[in-house]
Amino acid sequence: MAEMDGWLMAALSPLTKPIVSLPCPFLAWCPQLPLSNLGGPCMAERDPSDSLTPDWAASRKLRAREIRRRIVANVANKTTDMADGPLPLHKSVYIDEARFQAEREHLFLGQPLVAGLTGDIPEPGDYLVFDAAGPSILVIRGKDGVVRAFRNLCTHRGAKLVEQAEPFTGKASRISCPFHAWTFDNLGKLVGQPGKAGFADCEIGARDLLELPCTEHLGLIFVRASEGEPIDAAAHLGDFADQLALIELHRAVPVKKGILHAESNWKFALDTYGEGYHFAALHASTIGQTHYNDISVLERFGCHHRISFPDKTVGDLVGRDEAEWPDTEYGGVHYLFPNTVIFFGAVTPGVYFTQVFRLFPDGVGKTRCQFGVYAPFGIIDEAYRGVCEMAYDATAEVVQTEDYRVASHGYANLKTAPEDFHVVLGANESAPQAVHQHIAEAIGMPI
């Protein structure tokens, strides 16, 4: 995180107060909320176990206490969760065109990717554009309530059906091509074809939309940007599904979205999300003041992980009996392989934000990050909506002007560095190490 510009601090200052036990550093300088009106309306839940929905709030409290034990131990010992040793990475890991093409093929076209959350298209007829992975894709909730993905491509002459770019969303029972008005319903069926007689006796003269693998699970909409077998989201998430269930993504309502840019390889930008080693130097005026530098707790779940960064109030718990510890709010950084980071945390007890970052390559040396802030349990009132919008602005400013600034400058240096130059991820940067190792395994190219 970086310090906010003066205008932003001035805008937030009437609403801010010191943070207590905040597990998610990206929320550390967001405004505080009153505890009234927390029972306001939320969007309808799409929980796969609606009739047996657990008490997620209570479950979060229990999980937060378990994590807090490890955090207090690390603070007491002035250490962090460590890898087995440092990991040198040749500069080609970031700048090599062949490696980038392998990542594009195996990761961005071959892996299930998060195209959005349930709340982005909650009702039949709602649709979103997902174009960051390569092909332009329409993700539509059909009249039957099922989410499907289709190439944003008219089966007549290949024109784009929806010409707006991500993060565009819309609502329609039918979508007409702007070129010749071929029309498709929200199940992908061709239902209108001007000049139909001109295509008689042609086997492909009246095709429906071209469907891509898509599924909805735990409030996440997964799409694979190439044809193939159906997506098994449960298998993709594995044990990590239990952690994601805690944050009830099926209830999250979008508040504000936008795009951040870095003049760097997407992995170079992604590295900044997995370690607190840079807090004291890069974020000296914000997180560096409120959070410990280079102390974290990492939990790995296959190729995914969850990481917690302790704020400095944790030091007050060292040496105290656990029975004397105050309740702590659940939160943390949830990384979904290969390119999605979800921050979830409370700024005032019981009042949460969800932030979703999806990093995509725009060529080997450019990154496009789709960033959105969500109200995790619905938009309580207009004051809360305004606070969420300011949280978006604050975080976007920080990431763009500090984290992505450093990534862009570092990437420029790598391109001109000596041919044998290696960056090195320390043992204290264990999360980025794991990410690189899983990416290398997925693309079949050792690091």
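Each reported figure results from applying straightforward, stated rules to the coordinates on display, with no laboratory input. Just so we're clear, the structure is a prediction, and the values are computed from it rather than from any experiment. As a convention, Cβ positions derive from the backbone with ideal geometry for all residues, glycine included, and neighbour counts pool all protein chains shown.
Once the dipole of the chain is set up with Lys and Arg at +1 and Asp and Glu at -1 on Cβ about the Cα centre, which of Gly378, Cys177, Ala83 lies farthest towards its positive end?
Cys177
What does the charge count near Pro213 come to, summing +1 for each Lys or Arg and -1 for each Asp or Glu among other residues with Cβ under 11 Å from its Cβ?
Net local charge, Pro213 excluded: -2.
If you average the sequence gap of Cα pairs under 8 Å that are 6 or more apart and divide by the length of the range 133-219, what percent do you get for the contact order?
30
For Lys312, go through the lysines and keep the ones whose alpha-carbon is under 25 Å away, minus same-chain ones fewer than eight residues off.
Cα-Cα hits under 25 Å: Lys17, Lys61, Lys78.
How do the peptides 408-420, 108-120, 167-179 rank, highest first, by the average count of neighbouring beta carbon atoms within 10 Å per residue? All intermediate terms of the calculation are to be shown ahead of the outcome.
Values: 408-420: 13.2, 108-120: 22.8, 167-179: 15.4.
Per-residue Cβ counts within 10 Å, averaged per peptide and sorted highest first, yield 108-120, 167-179, 408-420.
Write out the GluC sites (Glu not before Pro) in the range 183-262 meeting two conditions: DSSP loop, and at most 16 other Cβ atoms within 10 Å of their Cβ. Let's see the in-between values first.
Numbers: sites: Glu203, Glu211, Glu216, Glu227, Glu248; in loops: Glu203, Glu227, Glu248.
Within the range 183-262, the qualifying GluC sites (Glu not before Pro) (loop, at most 16 other Cβ atoms within 10 Å) are Glu203, Glu227.
Local charge sum around Glu329 (other residues, Cβ-Cβ under 13 Å, Lys/Arg +1, Asp/Glu -1)?
Numbers: positive: Arg60, Lys61, Arg63, Arg65, Arg68; negative: Asp311, Asp327.
With Lys, Arg at +1 and Asp, Glu at -1, the neighbours total +3.
Rounded if a/c is under 1.5, else prolate if a/b is larger than b/c, else oblate: which is the range 113-230, with a ≥ b ≥ c the root eigenvalues of its Cα gyration tensor?
Cα axes put the range 113-230 in the prolate bin.
Between Ala133 and residues 5 or more places away or on another chain, which pairs have amide H atoms under 5 Å apart, with H built 1.01 Å from N, and which residues are they?
Amide H to amide H, under 5 Å and 5 or more residues apart or across chains, Ala133 pairs with nothing.
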